[in-house]
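Structure first, then comments.
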Amino acid sequence: MSLATTTPRRGRRLAVASLIAAAALSLTACQNGDDKASAAPSAAKGASHPSATGGQGSATGGSGGQGGASVGGKGVSGTWAGKLKWLTEDKLTVAPDSGAEQAFHLLDSTKVLAAAALCEAPDGRVHTDASGYGTTHCTLDDARKAARTGNVDVRVTVTNGAATKIAELYHP
């Protein structure tokens, strides 16, 4: 075989191998794999484990936070607690203290509820529910600003890959 024919073949093989590796990494970027450990409860705050069967995995948190997820339909569904982080204009992530970061889409119907850091209440007071999560309504732009800082603790409820509610955890 001549050098002229082996070089393009190597280049094609390398390109195909690179594409396969990139595809494999993108498939695992937003979800944990389905393993037996995902069905067991975890003591880590805000951790959640999607299950491929559509069941609920759960975790308990120290401040009343709860995580759980199910995979099925068009996207992942569940509740995650952790730091709100920026990904794109219409896609944010929540990063639990332990476990995988979970991405989600923002919709016009997404409720954003603040305690103090996301936005301020009109009366200047802090409003929270019994679990310590904010009840003051904010805008999606407020959530985007907070996500860019990456230091606001939230609980995010996701249905089919889109956030239905983002609630800030109050830290006095």
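Among the residues of region 145-166, are any without any contact (Cβ under 8 Å) to a residue 40 or more places away in the chain, polar (S, T, N, Q) and assigned by TED's automatic domain parsing to the domain that holds Lys74?
Checked region 145-166: at least one residue is without any contact (Cβ under 8 Å) to a residue 40 or more places away in the chain, polar (S, T, N, Q) and assigned by TED's automatic domain parsing to the domain that holds Lys74.
Here are some residues: Thr128, Thr88, Thr110. Which one is free of Cβ contacts under 8 Å to residues at least 12 places away in the same chain and of a type in the set (S, T, N, Q)? Walk me through it before giving the result.
Working: Thr128 fails: free of Cβ contacts under 8 Å to residues at least 12 places away in the same chain; Thr110 fails: free of Cβ contacts under 8 Å to residues at least 12 places away in the same chain.
Exactly one of Thr128, Thr88, Thr110 is free of Cβ contacts under 8 Å to residues at least 12 places away in the same chain and of a type in the set (S, T, N, Q), namely Thr88.
Name the one entry in Ala116, Ala143, Ala100 that is out of contact with any Pro (no Cβ under 7 Å at 6 or more places or on another chain), at pLDDT 95 or above and on the phi < 0 side of the Ramachandran plot. Outline the logic, then answer.
Values: Ala116 fails: at pLDDT 95 or above; Ala100 fails: at pLDDT 95 or above.
Of the residues listed, the single one that is out of contact with any Pro (no Cβ under 7 Å at 6 or more places or on another chain), at pLDDT 95 or above and on the phi < 0 side of the Ramachandran plot is Ala143.
The values are calculated or read from the model by the stated rules, or taken from the named source; none is laboratory data. Predicted model only: the values in this text are computed from it and were never measured. Cβ: placed from backbone, ideal geometry, glycine included. Neighbour counts: every protein chain shown.
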